[in-house]
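Engineer: Following this message is one structure expressed as structure tokens.
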Number of protein chains: 4
Amino acid sequence: MKINHVKVEKGIRVSEIVERFSETAFNARRLGIAGKIWKEMMKEDSFIFMTLAGAMIPAGMREVVRGVMENGFVNSLVLTGANFVHEVCEALGYSHIIGSAISDDVELADKGISRIYDVFIETSAFEAIERFFMETFKELSGNYSSFEIVWEIGKRLENSFLSFAYENKIPIFCPTLHDSIAGLHLMLYGKNVFLDYSKDLKLLLDLCSQKKKMGIVIIGGGVPKNFALQAMLLAEGFDYAIQITTDSPHYGGLSGATLEEAKSWCKLKIDSKAVTVYCDATIALPLLYAYLLD
Amino acid sequence: MKINHVKVEKGIRVSEIVERFSETAFNARRLGIAGKIWKEMMKEDSFIFMTLAGAMIPAGMREVVRGVMENGFVNSLVLTGANFVHEVCEALGYSHIIGSAISDDVELADKGISRIYDVFIETSAFEAIERFFMETFKELSGNYSSFEIVWEIGKRLENSFLSFAYENKIPIFCPTLHDSIAGLHLMLYGKNVFLDYSKDLKLLLDLCSQKKKMGIVIIGGGVPKNFALQAMLLAEGFDYAIQITTDSPHYGGLSGATLEEAKSWCKLKIDSKAVTVYCDATIALPLLYAYLLD
Amino acid sequence: MKINHVKVEKGIRVSEIVERFSETAFNARRLGIAGKIWKEMMKEDSFIFMTLAGAMIPAGMREVVRGVMENGFVNSLVLTGANFVHEVCEALGYSHIIGSAISDDVELADKGISRIYDVFIETSAFEAIERFFMETFKELSGNYSSFEIVWEIGKRLENSFLSFAYENKIPIFCPTLHDSIAGLHLMLYGKNVFLDYSKDLKLLLDLCSQKKKMGIVIIGGGVPKNFALQAMLLAEGFDYAIQITTDSPHYGGLSGATLEEAKSWCKLKIDSKAVTVYCDATIALPLLYAYLLD
Amino acid sequence: MKINHVKVEKGIRVSEIVERFSETAFNARRLGIAGKIWKEMMKEDSFIFMTLAGAMIPAGMREVVRGVMENGFVNSLVLTGANFVHEVCEALGYSHIIGSAISDDVELADKGISRIYDVFIETSAFEAIERFFMETFKELSGNYSSFEIVWEIGKRLENSFLSFAYENKIPIFCPTLHDSIAGLHLMLYGKNVFLDYSKDLKLLLDLCSQKKKMGIVIIGGGVPKNFALQAMLLAEGFDYAIQITTDSPHYGGLSGATLEEAKSWCKLKIDSKAVTVYCDATIALPLLYAYLLD
């Protein structure tokens, strides 16, 4: 089939350009194919995991994450402790600030500003988070999976995909909860709380073993990617997989590992449909979301 | 200013999402800012160069390149010999083919198919190109700059940004013309043609010395980037610069060099507005073009 | 100071060339500076953490990890579950195999071979690992931190840095133990074992609060990097930091985040000595180890 | 074959560790294999091109480039205009300076310091280069290939691989000479000099058509890579190829293109031995040079 040179006219919609990308090349094509695969996942009524690494929430993606969840484009989330904590921060009304990647970090430290590449966040936000976590964790007692703790937090918030998940009993796994500010506060204030990841694993395995098409959308790599893929070692493998990453395969790490490699582990079915988009997810994910909405 | 989490609604236009990206972070923000800078370039009636490295034409971007030129979003082009040759190929009616990056290259070689990552092109196309260049170069005699040779080619084509450039006397510099299949054919068949880059440099310097705002849009790095930036060593520097690249600064090469570094060389004015977008240009350039159209 | 062009003579030792790299540029200089900083860490009798992400053990680095530990170049390790599991695999006598990154993964799956980029591992190895973990986890009961479980495993192995750590009570934190094959087996067979990361956090905080110079060597990013750096939010920050990574800062993720950014969080002291080497750790780490030995 | 975990003992030589790398994985293995392939190139008495992009000379690699040439490890060089100009700069006694990648470029511009990532160079150096080129180019008249101009320059210098090349009639192609400061000076002062790349192409094709094993060592990508590989479209292809790059294949550009892809173009023979090392060449090249010396 011929390369179809992408045409762009005045007022073109995101969904139109993403559709056209699928007949070009390189990562534009990969993005277009990702859109088609995700759409097929939906058509096939698949159960879809989305894994979320990287600082997507500080980067301004919380409405997108909420949107894909509210529209049923994903059925479960696996996110890092950092994304969890920064979502709580936003839900509590403490915004992230447009900063600069070229900053004097010593000066920022003096001012009580922490930097996430070109995003700033003030100490006051972390103080509010600590108060919130302290009060919450003091109320809890017993064994909790990470998704139950996320629900407990969601129950106490509004206008967040965390509260939406709680209300709709959507499991949000946070396998690095202990490796986050929330984890530090859990240790300090959750004297009666026992974080039991084996409960997460059990639910994850149940979800991975459903008798329906299984799909996964991997944003960045890290533990969320491994956590969701690895569960398939005890199940039948994903039918669909989309990976959005800026890591390269040729350095040998899991975050950059190809989805083909995942087939050798049977984490993906050998006849699964899979594509990797090498692009900053802050660009690629909103485009895919807009594509799915139309 | 607060991070403004990007909202996406049904039917959202590309121009709207790019606009919203400018209040997020990472490369979404960089893309949004690139759109604003390019728009300001236009508003200020700047003279705008676009440099084009990478295999953008094989990748399906020829209509986009043509569009930015026809709409006056760029006033001069600096492209690689490869992009020049592959545009000639398309204009002659020989399309690039949707291939796969996972291919048996020995088998492809046997079949007479050449691979450009996930794009294929057949030997027959190169035979047509050779016939065309042979006939053309045999007709020419004398000293030619690369932009004059590009015009001579454009004069003999239709439905191409090369013919548009010829008809409208838009200079398209091709500083690596000799390092391309066209260069090989020029050596073989252009016995009376002398490729004189000093004529390119002279025009380039004149264009860089105009008494108006100067802007540059750098797609990829390589010679096109250096060729256009370096001319400013003999002029006053660019007022605006946009760079779309997937190269990293920390390996020290020019292709990944930051636009800040260019200020130390006075290739950019110290008060110039500049932004680098770390993204595959097959995604970023069409989005920026759509943004400018609205 | 002038760039001192690196001289290479017959029989040059690794330690000599790394020393000379420090007066060149780009990542050769960064590597040379990393050597000097690590040497100073030793001279100042610092307590040194090494974090280990990426598939370093499958890649043939187990003797290097063991060597830096046995020579006292590091005092504590923070590693991924994957590196832990693959070290157990090697210690049990099941070797990783030299494979190829260009493989038919469906065929590998049929043969029961799992691929880690250009490394292969056979199903039989995983069966041995499962037997070993099953027996071990059935013997354990009670609350265990990850470093205690690592010691329990080390106690049952020979010729491994895990056994060396057990014998010498060197803490090896494994904050993603639950996100590994070991984690799956712990859930399946460790009915009486509770993995309690809060015990890891407590020891980690104690270690970070020692009244001596604190240093960190970060291999790759991920949870190990964040786990060790974040503990310093409750302490005074590292005095020395070396980071070896192939991730880029400009995509905004933590794995690629600069050590300067870490200063804004006070994870590094504002006057700390820090350097990032952008290089595959399979090359950089053995070179640094050889440098320290001399 | 099993992964052979790299052992490092006190006083280990570079050649020993590179040898051992070949039985590990990822880029350490690639580096080790590169050493073996280069050694075989020598054993087979191959004619070896080395292409040199990136700012290798400013980065402190001029002695290494000179060494590989003097030792006969390469028989011809294809370098960028930038590497050529900066070598002239060093040969004239104007050193590059150890700078910092984190600099205020506006302040540097004021001080007359130009930055190349973490290397500085002062205006005085460029003034000396201009005087030298002016005097030289005024003396020349007629048609010159780039390698002839390089020889003319080498004739007027000492203690440089340029003078060594002149004395030993080693062809150094500089296909981007016109796209460099030397090119600007050639236009300004070389009124009677015609830069005729067709003469370069003719010699290059003759060299590529020799009846012996042909090898290539590609440092970085860009025009030097394409210039040397493309010549093989009119010859039989390389028997051996080593590529050291930090570019990725998945963005579709030539600089990151795999050597497998080059086989589909018949630029490499289908049974050629080829390896790509993904590593900063400031680290990898000196290590390979040391390996060959032993």
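Engineer: Return the residues of the stretch C:235-252 that are at the interface with chain B (Cβ under 8 Å from one of its Cβ atoms) and in contact with a strand residue (DSSP E or B) (Cβ under 6 Å, 6 or more places away or on another chain); say none if nothing qualifies.
Structural biologist: Once the filter is applied, which keeps residues that are at the interface with chain B (Cβ under 8 Å from one of its Cβ atoms) and in contact with a strand residue (DSSP E or B) (Cβ under 6 Å, 6 or more places away or on another chain), the stretch C:235-252 yields only C:HIS250.
Engineer: Those residues that are within 14 Å of chain A (Cβ to nearest Cβ) and of a type in the set (D, E, K, R), I need them from the stretch C:145-180; list them, please.
Structural biologist: C:ASP179
Engineer: Would a scan of the stretch A:226-239 turn up a residue that is closer than 20 Å to C:PRO224 by Cα and among the aromatic types (Phe, Trp, Tyr)?
Structural biologist: For the stretch A:226-239, residues closer than 20 Å to C:PRO224 by Cα and among the aromatic types (Phe, Trp, Tyr): present.
Engineer: Among the residues of the stretch C:249-294, which ones are under 17 Å from B:SER248 (Cα atoms), polar (S, T, N, Q) and in contact (Cβ under 8 Å) with a residue 24 or more places away in the chain?
Structural biologist: Across the stretch C:249-294, the qualifying residues are C:SER255, C:THR276.
Engineer: Based on this model, can you work out whether C:ALA125 counts as over 23 Å from A:LYS267 (Cβ atoms), within 23 Å of the chain's Cα centre (by Cα) and within 14 Å of another protein chain (Cβ to nearest Cβ)?
Structural biologist: no
Engineer: Take the residues of the stretch B:22-43 that are at the interface with another protein chain (Cβ under 7 Å from one of its Cβ atoms) and either in contact with a Cys (Cβ under 6 Å, 6 or more places away or on another chain) or aliphatic (A, V, I, L, M) (or both): which is surrounded by the most Cβ atoms within 10 Å (Cβ to Cβ)?
Structural biologist: Among those residues, the one meeting the criterion is B:ALA28.
Engineer: May I pose another question? Is it true that B:ALA165 is aliphatic (A, V, I, L, M) and either modelled with pLDDT under 95 or touching a Cys at 6+ places or on another chain (Cβ under 7 Å) (or both)?
Structural biologist: no
Engineer: Hey, another quick one. Just checking, how many residues over the stretch A:188-205 are among the hydrophobic types (A, V, I, L, M, F, W, C) and either modelled with pLDDT under 95 or within 22 Å of A:GLU236 (Cα to Cα) (or both)?
Structural biologist: Final tally of qualifying residues: 4.
Engineer: Could you list, in sequence order, the residues of the stretch A:209-234 that are within 12 Å of another protein chain (Cβ to nearest Cβ), outside any loop (DSSP other than H, G, I, E, B) and closer than 24 Å to A:GLY35 by Cα?
Structural biologist: A:ILE219, A:GLY222, A:PRO224, A:LYS225, A:ASN226, A:PHE227, A:ALA228, A:LEU229, A:MET232 - these are the residues of the stretch A:209-234 that are within 12 Å of another protein chain (Cβ to nearest Cβ), outside any loop (DSSP other than H, G, I, E, B) and closer than 24 Å to A:GLY35 by Cα.
Engineer: Do you know which residues across the stretch D:6-21 are open to solvent by 60 Å² or more (accessible area, probe 1.4 Å) and assigned to a helix (DSSP H, G or I)?
Structural biologist: Answer for the stretch D:6-21, where residues must be open to solvent by 60 Å² or more (accessible area, probe 1.4 Å) and assigned to a helix (DSSP H, G or I): D:GLU19, D:ARG20.
Engineer: Mind checking which pairs have a first residue in the stretch B:22-43 that is in a loop (DSSP other than H, G, I, E, B) and a second that is modelled with pLDDT under 95, Cβ under 6 Å, 6 or more apart or different chains?
Structural biologist: Sorted first by the residue in the stretch B:22-43, then by its partner, the list stays empty.
Engineer: If you check every pair at least six apart or on different chains, which have Cβ atoms under 7 Å apart with a residue in the stretch D:103-115 that is at the interface with chain B (Cβ under 7 Å from one of its Cβ atoms) first and a residue that is loosely packed, with under 14 Cβ neighbours inside 10 Å and not in a helix (DSSP H, G or I) second?
Structural biologist: Pairs that qualify, where the first residue is at the interface with chain B (Cβ under 7 Å from one of its Cβ atoms) and the partner is loosely packed, with under 14 Cβ neighbours inside 10 Å and not in a helix (DSSP H, G or I), are D:VAL106/B:ILE270; D:ALA109/B:ILE270.
Engineer: Something else now. What do you reckon, is D:ASP200 of a type in the set (Asp, Glu), more than 14 Å from chain A (Cβ to nearest Cβ), outside any strand (DSSP E or B) and within 19 Å of the chain's Cα centre (by Cα)?
Structural biologist: Yes: the conditions hold for D:ASP200.
Engineer: If I ask for residues that are open to solvent by 20 Å² or more (accessible area, probe 1.4 Å) and touching a Ser or Thr at 6+ places or on another chain (Cβ under 8 Å), which ones from the stretch B:263-291 would you list?
Structural biologist: Once the filter is applied, which keeps residues that are open to solvent by 20 Å² or more (accessible area, probe 1.4 Å) and touching a Ser or Thr at 6+ places or on another chain (Cβ under 8 Å), the stretch B:263-291 yields B:LYS263, B:TRP265.
Engineer: Does the stretch B:44-59 include one or more residues that are closer than 17 Å to B:LEU287 by Cα, open to solvent by 20 Å² or more (accessible area, probe 1.4 Å), more than 12 Å from every other protein chain (Cβ to nearest Cβ) and outside any loop (DSSP other than H, G, I, E, B)?
Structural biologist: There is no residue in the stretch B:44-59 that is closer than 17 Å to B:LEU287 by Cα, open to solvent by 20 Å² or more (accessible area, probe 1.4 Å), more than 12 Å from every other protein chain (Cβ to nearest Cβ) and outside any loop (DSSP other than H, G, I, E, B).
Engineer: So, one more: Taking A:LEU186, is it within 11 Å of another protein chain (Cβ to nearest Cβ) and touching a residue at least 60 places away in the same chain (Cβ under 8 Å)?
Structural biologist: The answer is no for A:LEU186.
Engineer: Pull up the stretch A:171-197, narrow it to residues that are of a type in the set (S, T, N, Q) and either under 21 Å from the mean Cα position of the chain (by Cα) or in a helix (DSSP H, G or I) (or both), then point me to the one that is farthest from A:PHE47 (Cα to Cα).
Structural biologist: Taking the candidates together, the pick is A:SER180.
Engineer: If I ask for residues that are within 30 Å of C:ASN27 (Cα to Cα) and part of a loop (DSSP other than H, G, I, E, B), which ones from the stretch D:235-255 would you list?
Structural biologist: Those that are within 30 Å of C:ASN27 (Cα to Cα) and part of a loop (DSSP other than H, G, I, E, B): D:THR246, D:ASP247, D:SER248, D:GLY252, D:GLY253, D:LEU254, D:SER255.
Engineer: Turning to a different aspect of this structure: Could you please let me know if C:LEU157 is out of contact with any Pro (no Cβ under 7 Å at 6 or more places or on another chain) and closer than 30 Å to A:LYS191 by Cβ?
Structural biologist: no
The values are calculated or read from the model by the stated rules, or taken from the named source; none is laboratory data. Owing to the predicted nature of the structure, the values given are computational and were not obtained by experimental measurement. Note that each Cβ is placed from the backbone with ideal geometry, even for glycine, and that neighbours are counted across all protein chains shown. Surface areas here come from the heavy atoms of the whole protein model, side chains and all, with no ligands, DNA or RNA. Shrake-Rupley method; radii C 1.70, N 1.55, O 1.52, S 1.80 Å.
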